[in-house]
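This report refers to the structure that appears directly beneath it.
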Amino acid sequence: MVALSLTMDGYDSVPMAEEGPDPAERQRRRPWRNKFRAALRGLKLGIRGHSSFFVHFFVTALVVVAAASLRCSPEQWCLLLLCIGGVLTAELFNSALETLFRGLDESVRQRAWPCLDVAAGAVLLASAIAAVVGATVFVQRLLQMLS
């Protein structure tokens, strides 16, 4: 096995032992507990720092109440929850880019504006698709209940 190491003039190939990383390398790895702690901290920062999450959570609550009231099937619940997850994930990525954007110099900000627009467009697209899927599920369920 060969590993690549970064040197001043590029990458050099270095032979690597077959039994895995050395003990010093293992000590530098973060335990899963710390990784989950960091991920949960990121969720908290993403949700608390941006007001658009209030709208998404309000709509999520409406969808969950409607799905429960209409007694949606497990498949329909899966579709709805996947859409909710997709929208919230897109919003978290958008929030991460906005947070990163705030730390940029003014000259770099001018060139980075399109990135924020693309991220906002991704949230809009995810929300529109989720709305279409949700409307399809709910209309289908209402038609089933009425017939």
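A few remarks follow.
- Filter result for L40 (exposed (fewer than 11 other Cβ atoms within 10 Å of the Cβ), under 13 Å from the mean Cα position of the chain (by Cα) and without any contact (Cβ under 8 Å) to a residue 60 or more places away in the chain): yes
- Check on R111, basic (K, R), surrounded by fewer than 14 Cβ atoms within 10 Å (Cβ to Cβ) and farther than 18 Å from L43 by Cα: yes
- A Cβ distance below 9 Å, combined with a sequence gap of six or more or placement on separate chains, defines the contacts here; from the range 65-77, residues that are more than 11 Å from Q140 (Cα to Cα) reach residues that are at pLDDT below 95 and in a helix (DSSP H, G or I) in the pairs R71/M145.
- Check on T89, out of contact with any Asp or Glu (no Cβ under 6 Å at 6 or more places or on another chain), under 30 Å from V139 (Cβ atoms) and in a helix (DSSP H, G or I): yes
- Qualifying positions in the range 44-89 - over 22 Å from L146 (Cα atoms), among the polar types (S, T, N, Q) and surrounded by fewer than 18 Cβ atoms within 10 Å (Cβ to Cβ): S51, S52, T89
- Residue check, S95 of a type in the set (S, T, Y), part of a helix (DSSP H, G or I), surrounded by 13 or more Cβ atoms within 10 Å (Cβ to Cβ) and modelled with pLDDT of 95 or more: no
The values are calculated or read from the model by the stated rules, or taken from the named source; none is laboratory data. All of these numbers come straight from a predicted model, not from anything done at the bench. We place every Cβ from the backbone using ideal geometry, glycine too, and count neighbours over all the protein chains shown.
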